[in-house]
Amino acid sequence: MTPSVQRVLSACDAFGVRVFAVATAEAVKLRHDPMDLASRAVQPVLWLVLFGQVMARVRGIAGANTSYLEFLSPGVLAQSVLFVAIFYGLSAIWERDLGVLHRYLVSPAPRSALVLGKALASSVRALSQSIVVYVCAAALGVHLQLAVLPIVGVAALIVLAAALFSTFSLIIACIVKTRERFMGIGQFLTMPIFFASNAIYPLALMPNWLRAIAIANPLSYAVDGLRALMLRGTHSQLGLGLDFAVLLATLAVLVAIATRLYPRLTQ
């Protein structure tokens, strides 16, 4: 092995350690606040139990071979991931006010490692939500795929989607810089992102203008992949490879933007 290759491997290893360190510090907060998980579990349960049961009586929404409750379950999981991640930038504003952010920024860790660490930490919360959705969906009779590979694929999609939307949230926090503005913009963006996707109705039922927005919406690719991996006998409409590729590419762009903006949050 040449010295140049050794330096690259050493740099990659150090970068990974720093990402993991930031993610671990964020995940520890979750362990000390279990009520946060319990409160966040209420919303997906209500969507499945109330909205899913009522809309299941409407024929023709989900297709001939799939019940609406089965169609909705991956959408509710994606919604949970979105709602957990989209307000994650608020923690960065709190860290700035408490002085924690300044400690991060003076550390030798690259800014991209800090951003990726926070993105990875948000996925820990999102994965905990998936357990709630799986248990509730199974109790309601949804035919879930429980083989190892589909579950690993679901976990990978959740991590990607949570990292993507939490990084997007961090970018918003770096721009607006105050809790009040962030909460207003976060609430303003959450519903359009959710409803302008294929989470609660298929693309085929949308008018052309809404379908175009949904296809440009990263959440649609997360939902499409989750449906293909979570449900028995369901296939991806957009292409499972495309689902992962779009999420990865979007995440890479957002991480690059957040890396440049992150230090400005302290200004």
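Summary table
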| item | result |
| --- | --- |
| The lone exception for Gly141 - which of (1) buried (at least 16 other Cβ atoms within 10 Å of the Cβ); (2) within 20 Å of Ala41 (Cβ to Cβ) it fails | (1) |
| Qualifying residue in region 178-193 (condition: closer than 20 Å to Leu69 by Cα, touching a residue at least 12 places away in the same chain (Cβ under 8 Å) and part of a helix (DSSP H, G or I)) | no |
| Residue within region 157-167 that is closer than 16 Å to Leu127 by Cβ, buried (at least 16 other Cβ atoms within 10 Å of the Cβ) and not aliphatic (A, V, I, L, M) present | yes |
| Any hit, region 228-242, residues being under 15 Å from the mean Cα position of the chain (by Cα), under 22 Å from Ile158 (Cβ atoms) and surrounded by 20 or more Cβ atoms within 10 Å (Cβ to Cβ) | no |
| Top-ranked residue of region 57-103 - restricted to ones that are part of a helix (DSSP H, G or I) and in contact with a Gly (Cβ under 6 Å, 6 or more places away or on another chain), ranked as modelled with the highest pLDDT | Leu72 |
| Residue among Ile193, Ile172 that is at pLDDT 90 or above, aliphatic (A, V, I, L, M) and under 17 Å from the mean Cα position of the chain (by Cα) | Ile193 |
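Residue-by-condition table, conditions (1) β-branched (Val, Ile, Thr); (2) assigned to a loop (DSSP other than H, G, I, E, B); (3) in contact (Cβ under 8 Å) with a residue 24 or more places away in the chain:
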| residue | (1), (2), (3) |
| --- | --- |
| Leu210 | no, no, no |
| Leu229 | no, no, yes |
| Leu248 | no, no, yes |
| Val255 | yes, no, yes |
| Tyr262 | no, no, yes |
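The values are calculated or read from the model by the stated rules, or taken from the named source; none is laboratory data. Just so we're clear, the structure is a prediction, and the values are computed from it rather than from any experiment. Note that we place each Cβ from the backbone using ideal geometry, even for glycine, and neighbour counts take in every protein chain shown.
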